[in-house]
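Asks: Please find one structure pasted underneath; my questions will follow.
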Amino acid sequence: MSGIFPSSAAPAAVGPHAAVGANVSERAQLPPSLAISTVIFALTPESARSESGGGPTLWIPLVRRVKEPFKGRWALPGGPLAPTESLEDAARRNLQQTTGLEPEYLEQLYAFGGLNRSSRPERGSQRVVSIVYWALVRATEAELLGEEDENVAWHRADTAGERDGGLAFDHREIVDYALWRLRSKIEYAQIAYHFLGEKFTLAQLREVYEAVLGRPLDPANFRRQLKGMAEIEPTDEVLEGGRHRPPRLYRYTGARGRIDATTAPPPQTAPSPAAPSPADPSQTAPAPAASTRSTP
């Protein structure tokens with residue numbers, strides 16, 4: 001597709017390379033192109049902790065676009081779908097090529113296909129439909145993000161693009177929707193497993209909830225809430241290495257698969273979580289309505 005993907009295909013081809021050589025009106029009449037994008041959530045990575053402001057926060061890796069449209073803007077990692085690969089295979093390949101990340105957990109989030117989302121409608125751009133995946137990665141996975149590439153970097157999920165004129169395309173809308181979906185599923189202990197692994201301390205678990213909800217939680221209330229989580233149980237092990245009494249390790253005993261197979265429609269406006277009551281930290285609001293590559 002002109003201005004988004006490099007092409008070596010013949011002008012007569014149909015798909016992401018079909019617009020090469022086509023004029024403005026021809027590009028606008030081409031069948032929609034299919035692309036893959038991914039939102040990857042991590043707790044504050046080591047390389048970004050100086051910017052986190054103290055408390056735990058959620059971060060996402062973004063890639064800087066090196067050509068028009070939106071040259072210089074940050075965007076979600078992604079790329080085209082090859083004719084012979086599955087959607088998930090394409091998501092994993094594009095992630096590895098653009099960020100070097102290979103998340104263990106990857107799940108389809110939603111399809112975004114607004115009529116004018118790909119570029120600038122007045123220029124007769126070909127329509128692009130993006131299949132968006134989301135991933136939750138642990139600290140050990142997050143540190144694999146290549147630091148040698150200045151066009152790939154971690155950004156705070158809730159403020160990404162604010163100081164750079166906004167994210168490219170409709171990617172701010174996609175990130176907001178992914179944040180809402182994550183917050184709406186925070187009552188699932190499985191989320192903690194994907195961020196922390198099988199074993200963790202109560203303080204580490206509370207940090208996950210604080211990062212997702214975006215506010216501090218009372219430790220005593222949080223401990224009481226854990227009694228209702230059947231998938232989390234104490235072990236006989238402790239976390240060694242601290243200056244104080246070593247904290248007990250807890251174990252996740254639930255399912256390791258996907259968090260939720262359902263797909264909700266994206267909100268009509270940028271959603272925000274309701275303030276959970278102190279007795280229920282899991283309460284969230286219902287839904288309102290080049291080597292560096294990114295896609296709409």
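The values are calculated or read from the model by the stated rules, or taken from the named source; none is laboratory data. Keep in mind the model is a prediction, meaning the values are calculated, not measured. Backbone-built Cβ (ideal geometry, glycine too); neighbour counts: all protein chains shown. To get the accessible areas, we keep the full protein, side chains included, count just its heavy atoms, and leave off ligands, DNA and RNA. Shrake-Rupley method; radii C 1.70, N 1.55, O 1.52, S 1.80 Å.
Asks: Within segment 162-193, take every residue that is open to solvent by less than 10 Å² (accessible area, probe 1.4 Å) and touching a Lys or Arg at 6+ places or on another chain (Cβ under 8 Å) and give me the one that is nearest to Tyr250 (Cα to Cα).
Replies: Checking each candidate, the answer is Ile191.
Asks: Let me confirm something: among Ala178, Ala189, Ala203, Ala160, which residue is hydrophobic (A, V, I, L, M, F, W, C) and in contact with a His (Cβ under 9 Å, 6 or more places away or on another chain)? Reasoning before the result, please.
Replies: On the way: Ala178 fails: in contact with a His (Cβ under 9 Å, 6 or more places away or on another chain); Ala189 fails: in contact with a His (Cβ under 9 Å, 6 or more places away or on another chain); Ala203 fails: in contact with a His (Cβ under 9 Å, 6 or more places away or on another chain).
Sole residue among the options that is hydrophobic (A, V, I, L, M, F, W, C) and in contact with a His (Cβ under 9 Å, 6 or more places away or on another chain): Ala160.
Asks: What tally of residues in segment 195-212 results from selecting those that are at pLDDT 90 or above and open to solvent by less than 40 Å² (accessible area, probe 1.4 Å)?
Replies: 10
Asks: For segment 198-216, how many residues are charged (D, E, K, R) and in a helix (DSSP H, G or I)? Steps first, please.
Replies: Restricting attention to segment 198-216, the residues satisfying the condition of being charged (D, E, K, R) are 198-199, 206-207, 210, 215.
Filter once more, so that each one left must be in a helix (DSSP H, G or I): 206-207, 210.
Of the residues in segment 198-216, 3 are charged (D, E, K, R) and in a helix (DSSP H, G or I).
Asks: Still on this structure, please answer the following. Kindly provide the set of residues from segment 85-114 that are open to solvent by less than 50 Å² (accessible area, probe 1.4 Å) and in contact with a His (Cβ under 8 Å, 6 or more places away or on another chain), ordered by number.
Replies: Tyr105
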